[in-house]
Amino acid sequence: MKIIGVIGTNSANSATRKLLEYMQQHFKQQAEIELLEITDYPLFNESDDQSESALLTGDAKKIEAADGVIISTSEHNRMIPSSLKSFLEWMSFKLHPFNNKPVMVVGSSVTKQGSASAQLALRQTLDAPGLGAIVLPGNEFLLSSSAAAFDENGALKDQGTIDFLGTCFKNFLQFVKVADVLNGVDEMNFEPGTYSVMASGHNGKVPMKVTFSENRIENIEIDTEGETTGIADTVWERMPQQIIDGQTLNVDAVSGASDTSRGVLTGVAEAVSLAGADPDVLKKRPKPAKNVADEPVEYEADVVVVGGGGTGLSAAATSLQAGKKTILVEKFPAVGGNTIRTGGPMNAADPEWQNTFDALPGEAATLKSLMETPDEKIDPEYLEDFHALQGQLKEYLDSDKHFLFDSKLLHEIQTYLGGKRQDLSGNDIHGDYNLVKTLVDNALDSVKWLQNIGVRFDPNEVTMPVGAKWRRGHKPLENQGYEYISNLQRYVKEEGGQIITDTRVKKLLQQDGKLVGLEAENFDGQKVIVHASSVILASGGFAANTKMVQQYNTYWTKVDDDIATSNSPAMTGDGIKLGTDVGADLVGMGFSQMMPVSDPVTGELFSGLQVPPANFVMVNNKGDRFVDEYESRDVLSQAAIDNGGLFYLIADDNIKATAYNTSQEKIDEQVAAGTLFRDDTLEGLAAQIKVDPAELVQTIKNYNSYVDAGKDPEFGKDVFDLKVEKAPFYATPRKPALHHTMGGLKIDKQAHVLNEAGEKITGLYAAGEVAGGLHAGNRLGGNSLADIFTFGRIAAQTAVTEHEELATDATTSASHSE
Amino acid sequence: MNYTGIIGNNARNSTNRTLLQYIQKHFGGSDQITLCEIADVPVFNKPESHVAPPAVAKIAAAIEQADGVIIATPEYDHTVPAVLSNTLEWLAYTTEALKDKPVFIVGASYGALGTSRAQGHLRIMLNGPDLGARVLPGQEYLLGHSLQAFDEDGMMVVAEDIQSLEDHMKYFAEFVKSNQGK
């Protein structure tokens, strides 16, 4: 018989502990009692879930495997100690190892009561549904005046007490056998057949068919037509497999697709109910067993890349083109990172192509005003290039040409000026000259390189991504971000590169100051080691790690705890930590970019009614306008933060028609779901969004008069289109969401990671959002794609060259020693 | 009156926090109510020094200067959550802050029972010799279905809940006064 004894105290020298140690010795003929400590458990906090930690899962596994559990408690303020309570809360939150487990309660106190009151409360607690233990009735073992109860060998002194403990223990062993019979309840009895239910996918309902035999879930079939490809594919494949293999609904969500994962679980649970069984029993069953081998999986490569977004894939592809053995490690089940989420246009100055388009009204004025920027506004290292640009602009403006102008120098100066920022403490930052120069000089090559890989760009449209300041966007012909990822992924596979998904890098391995590979952990918890002399970090930024953004932020007056992000949930700054662990320096960490008009919950841009800014009417929680709606993202974001974060875009029926992201069906769905508000009167709309109706009506009346006048005396908006006048009226809730983290590892123009002394860390390279210094305080729209495909390639080129040098060195020294 | 409210939960979203914040707002005209969070209190480990860590000392000071204390407890597994009993262990071990202090227990739960079992246990704990508080007898404020009890701005939506809370607060004020006479 295998018993776990939980020492219900974190105090080192207590009778509670002695009592269990005594039982372990005294009853060793009858049962093997393994003691379990709770000293290292953090205080339970449902907002900081630790259920997946090794400590918790390890203990839960032991309890699940045991025939019974003895809990020994002391008494604090007439209750069980908070440390024991905390342990039980962890064991009733996500893990449920006590479910149907026979439990014996013992306890001691230095006073007379012998923990009577605590034991009573403990029995009640063990009865709670999250624990669901079967507690041995009667047999109350209360050890009072415990200080004098043990001799110097830790044995109980009083024979009467020893005998009574023996009786209680004997009864418990008998009870364990009885409890086995009770546990038959766990057996499932289904009404055999196939049941159809609807699971929720990312894009709505997904039909599912679940087949049961008398005692088992036999098959789960999901009709995924209409769902997007990508990460959800992993859900459809993995979750049914795990549910069937483990005959359990206690299955982890797939990272990055938690909504869809939950949808599958809810769908199967519904089918279980339809088949006449209780899904709660399946939810409490242990998680499917993972077959974890003790031995790590080991790989050998020349170059290993961390992260499977656009940066990592282009680095891997470049390394493969140089004939190097290349491995890419991605922590999520699928590659794509943030790149797969982009709208798609990539900046690169290509005058030959751009010159074939006509200039737009206003563009000449923009160039003229840039040309007239006084020298003192330009940092010294950029002055020479700025003067050269002034020459180019003068020549263009003096000519009578009407085509779209561009040059590498214009791209350079716009990138530099766009990134110039000051933080709250008055620190200035601007882009590193070498990095900016490298970007603009190579961006067009990156476009051509991508075309060779198979990415198709639209030759007929030169676009200006939001916040780009100029029309130099190369836009994929279709599929937006997916176009880059699908082509790069295919290419990497064709060229023999290995992509290992579901594997999280834990640390970089270093020997004699040189990188020699990395250590990671895969989905099954198995250790993975990749040996390689070059490591390229391409793991993205940290916009999905709010705590980290708050920790470093020096730019925004406030970053809310519940701020959303437009990023993939994978963007948690892992690579920055990996880099600093081996001594890397950081740059620009306090700066981040927010997308002001995002969904308050999901961070998505394309929910509600997204209309051209000329038709934005933004009101705060009082029903007042608070900003010129045509302002830049930074100004809008800060204004929203100053007004409490949440605000509304007000629209009428005509403005609705200018929304470019939606259909009437989607609008109706969102109104029904309560994520978009609609009313036939402004007063009614005000009531729905809980602002003063009179105030909102006045605000709109004023706004309409500004549209008529073409002038806004309050906030200076000067680009107007429609008035708000035709019912029904709409309010779309919006809030700034984290969009891009500017700071990161310090790199040079060859993508070497630098340490605090400015020296290269041998064998370590970084590119993309994990690195800082290029965009500095703010990033032009369309520049991050230019960044990742340019520096992703450069990082690999440098790594490859240096790998060859290292190999040559090694050969040379080998021949010397002969 | 000058009250200190203790939010008995460390979760980021807690309707017990909403409840105390509502009490603070609703009775703010006549009473001054200071709220204490307990998430920063370290794990109780019976230090030999008997010195309260700063987070505990701060709560103790807030209790000492108050005429009365309002504790909002959630219910985890049929009893008081570890994070609250942890704070009480510190207070009992390092201070006498709650000794003879008038206490009013409230609690909010998602389900119907409104933390009745946790409140029963909390009463026993506070009545014990090491804490020795004076818990308002004969009155229980149990707020069930707490997710539906407040609107987005944290205001109570059901008139009876508000009325009942006002009645309880009146009893508590009288209880505090009658204790001050002694």
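The values are calculated or read from the model by the stated rules, or taken from the named source; none is laboratory data. Computed from a predicted model, the values in this text were never measured in an experiment. Because the Cβ atoms are built from the backbone with ideal geometry, glycine has one as well, and the counts that use them run over all protein chains shown. These accessible areas exclude ligands, DNA and RNA; they are computed on the full protein's heavy atoms, side chains included. Shrake-Rupley method; radii C 1.70, N 1.55, O 1.52, S 1.80 Å.
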Check your understanding: Are any residues in the range A:129-147 open to solvent by 40 Å² or more (accessible area, probe 1.4 Å) and either under 16 Å from A:SER14 (Cα atoms) or within 12 Å of another protein chain (Cβ to nearest Cβ) (or both), and if so, which ones?
Key -> A:PRO129, A:LEU142, A:SER144, A:SER145, A:ALA147
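With the condition kept exactly as written, say whether any residue in the range B:73-83 is crowded, with 18+ Cβ neighbours inside 10 Å, more than 20 Å from B:ALA11 (Cβ to Cβ) and at pLDDT 95 or above. Spell out how you get there, then give the answer.
Residues of the range B:73-83 crowded, with 18+ Cβ neighbours inside 10 Å: B:73-83.
Checking which are more than 20 Å from B:ALA11 (Cβ to Cβ) leaves us with none.
Scanning the range B:73-83 turns up no residue that is crowded, with 18+ Cβ neighbours inside 10 Å, more than 20 Å from B:ALA11 (Cβ to Cβ) and at pLDDT 95 or above.
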Revision key, fill the gap. All-but-one check, A:VAL455 against (1) free of Cβ contacts under 8 Å to residues at least 40 places away in the same chain; (2) surrounded by 15 or more Cβ atoms within 10 Å (Cβ to Cβ); (3) in a helix (DSSP H, G or I), failing number (3)
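Go through the range B:82-129 and give me each residue that's acidic (Asp, Glu) and more than 10 Å from every other protein chain (Cβ to nearest Cβ).
Step one: of the range B:82-129, the residues acidic (Asp, Glu) are B:89, B:96, B:100.
Across the range B:82-129, the qualifying residues are B:GLU96, B:ASP100.
From A:SER92, A:SER83, grab the single residue that is within 8 Å of chain B (Cβ to nearest Cβ), touching a helix residue (DSSP H, G or I) at 6+ places or on another chain (Cβ under 9 Å) and in a loop (DSSP other than H, G, I, E, B). Quick ask: steps written out before the conclusion?
Details: A:SER83 fails: in a loop (DSSP other than H, G, I, E, B).
The unique qualifying residue is A:SER92.
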Study note, to complete from the structure: Apart from one, (1) touching a Ser or Thr at 6+ places or on another chain (Cβ under 6 Å); (2) not in a helix (DSSP H, G or I) all hold for A:GLN392; the odd one out is (2)
Check your understanding: Considering only helices (runs of 4 or more DSSP H) fully contained in the range A:251-349, which possess at least 3 residues that are surrounded by 22 or more Cβ atoms within 10 Å (Cβ to Cβ)?
Key -> A:258-274, A:310-321
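For the range A:14-64, give me each residue that is of a type in the set (Gly, Ala, Ser) and open to solvent by less than 70 Å² (accessible area, probe 1.4 Å). First the steps, then the outcome.
Narrowing the range A:14-64 to residues of a type in the set (Gly, Ala, Ser): A:14-15, A:31, A:47, A:51, A:53-54, A:58, A:60.
Hits for the range A:14-64 are A:SER14, A:ALA15, A:ALA31, A:SER47, A:SER51, A:SER53, A:GLY58, A:ALA60.
Conditions (1) out of contact with any helix residue (DSSP H, G or I) (no Cβ under 9 Å at 6 or more places or on another chain); (2) crowded, with 17+ Cβ neighbours inside 10 Å; (3) of a type outside the set (A, V, I, L, M), marked per residue:
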position: A:ALA659; (1), (2), (3): no, yes, no
position: A:ILE667; (1), (2), (3): no, yes, no
position: A:SER705; (1), (2), (3): yes, no, yes
position: A:GLU725; (1), (2), (3): no, no, yes
Point to revise | Condition broken by A:LYS701, with the remaining ones in (1) open to solvent by 30 Å² or more (accessible area, probe 1.4 Å); (2) within 22 Å of A:PHE626 (Cβ to Cβ); (3) not in a helix (DSSP H, G or I) satisfied | key: (3)
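State which residue is farthest from the other protein chains (Cβ to nearest Cβ) when the search covers only the range A:3-13 and only residues that are under 42 Å from the mean Cα position of the chain (by Cα) and open to solvent by 10 Å² or more (accessible area, probe 1.4 Å).
In the first step, residues of the range A:3-13 are kept if they are under 42 Å from the mean Cα position of the chain (by Cα); the result is A:3-12.
Imposing the further condition that a residue be open to solvent by 10 Å² or more (accessible area, probe 1.4 Å) reduces the set to A:10-12.
Values: A:ASN10: 6, A:SER11: 5, A:ALA12: 9 Å.
Here the answer is A:ALA12.
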Practice item. Would you mind stating whether A:GLN392 is polar (S, T, N, Q) and either open to solvent by 30 Å² or more (accessible area, probe 1.4 Å) or over 23 Å from A:VAL462 (Cα atoms) (or both)? Key: yes
Practice item. Would you tally the residues in the range A:51-74 being among the polar types (S, T, N, Q) and away from chain B (no Cβ under 13 Å)? Key: 4
**Study point:** Which numbered condition B:VAL157 fails, given (1) within 14 Å of another protein chain (Cβ to nearest Cβ); (2) touching a residue at least 12 places away in the same chain (Cβ under 8 Å); (3) touching a helix residue (DSSP H, G or I) at 6+ places or on another chain (Cβ under 8 Å)
**Key:** (2)
Study note, to complete from the structure: For the range A:395-406 the number of residues that are open to solvent by 80 Å² or more (accessible area, probe 1.4 Å) and over 16 Å from A:TRP353 (Cα atoms) is 3
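Yes/no per residue for (1) away from chain A (no Cβ under 14 Å); (2) open to solvent by 70 Å² or more (accessible area, probe 1.4 Å); (3) part of a helix (DSSP H, G or I):
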position	(1), (2), (3)
B:LEU131	no, no, no
B:GLY138	yes, yes, no
B:LEU147	yes, yes, yes
B:ASP153	no, yes, no
B:ILE162	yes, no, yes
B:LEU165	yes, no, yes
B:TYR171	yes, yes, yes
B:GLU174	yes, yes, yes
B:SER178	yes, no, yes
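Determine whether A:GLN551 is closer than 25 Å to A:SER47 by Cβ, out of contact with any strand residue (DSSP E or B) (no Cβ under 7 Å at 6 or more places or on another chain) and not small (Gly, Ala, Ser).
Details: closer than 25 Å to A:SER47 by Cβ: yes; out of contact with any strand residue (DSSP E or B) (no Cβ under 7 Å at 6 or more places or on another chain): yes; not small (Gly, Ala, Ser): yes.
So A:GLN551 passes the test.
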Exercise for review: Would you check if A:VAL635 is surrounded by fewer than 17 Cβ atoms within 10 Å (Cβ to Cβ) and more than 15 Å from A:THR732 (Cα to Cα)?
Suggested key: yes
Study note, to complete from the structure: With criteria (1) more than 29 Å from the chain's Cα centre (by Cα); (2) closer than 23 Å to A:GLN511 by Cα, A:GLY710 comes up short on (2)
Point to revise | Answer residue from the range A:467-512, given it is outside any helix (DSSP H, G or I) and of a type in the set (A, V, I, L, M) and is modelled with the lowest pLDDT among those | key: A:ALA468
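Do we have any residue at all in the range B:88-96 that's buried (at least 24 other Cβ atoms within 10 Å of the Cβ) and within 13 Å of the chain's Cα centre (by Cα)? Please lay out each step first, then the result.
Within the range B:88-96, the first condition is being buried (at least 24 other Cβ atoms within 10 Å of the Cβ), and the residues that meet it are B:88-91.
From what is left, the residues that are within 13 Å of the chain's Cα centre (by Cα) are B:88.
Within the range B:88-96 (the criterion being buried (at least 24 other Cβ atoms within 10 Å of the Cβ) and within 13 Å of the chain's Cα centre (by Cα)), the answer is yes, since at least one residue qualifies.
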Check your understanding: Among the residues of the range A:568-594, how many are assigned to a loop (DSSP other than H, G, I, E, B), among the polar types (S, T, N, Q) and closer than 23 Å to A:ASP423 by Cα?
Key -> 1
Exercise for review: Just name the residue that is most open to solvent (accessible area, probe 1.4 Å) out of those in the range B:21-65 that are part of a helix (DSSP H, G or I) and more than 30 Å from B:ALA149 (Cα to Cα).
Suggested key: B:LYS58
**Study point:** Complete set of residues in the range A:95-128 that are part of a helix (DSSP H, G or I), away from chain B (no Cβ under 11 Å) and surrounded by 18 or more Cβ atoms within 10 Å (Cβ to Cβ)
**Key:** A:GLN119
Review point. What residue, among those in the range A:546-568 that are over 16 Å from the mean Cα position of the chain (by Cα) and within 16 Å of A:GLY603 (Cβ to Cβ), is most open to solvent (accessible area, probe 1.4 Å)?
Key: A:ASP560
Revision key, fill the gap. For the range A:199-220 the number of residues that are of a type in the set (D, E, K, R), at pLDDT 90 or above and in a strand (DSSP E or B) is 2
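Give the residue, chosen from A:LEU409, A:LEU435, that is part of a helix (DSSP H, G or I), open to solvent by 10 Å² or more (accessible area, probe 1.4 Å) and of a type in the set (A, V, I, L, M).
Numbers: A:LEU435 fails: open to solvent by 10 Å² or more (accessible area, probe 1.4 Å).
When all the criteria are applied, what remains is A:LEU409.
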Point to revise | Answer residue from the range A:486-535, given it is surrounded by fewer than 18 Cβ atoms within 10 Å (Cβ to Cβ) and of a type in the set (S, T, N, Q) and is farthest from A:GLU330 (Cα to Cα) among those | key: A:GLN511
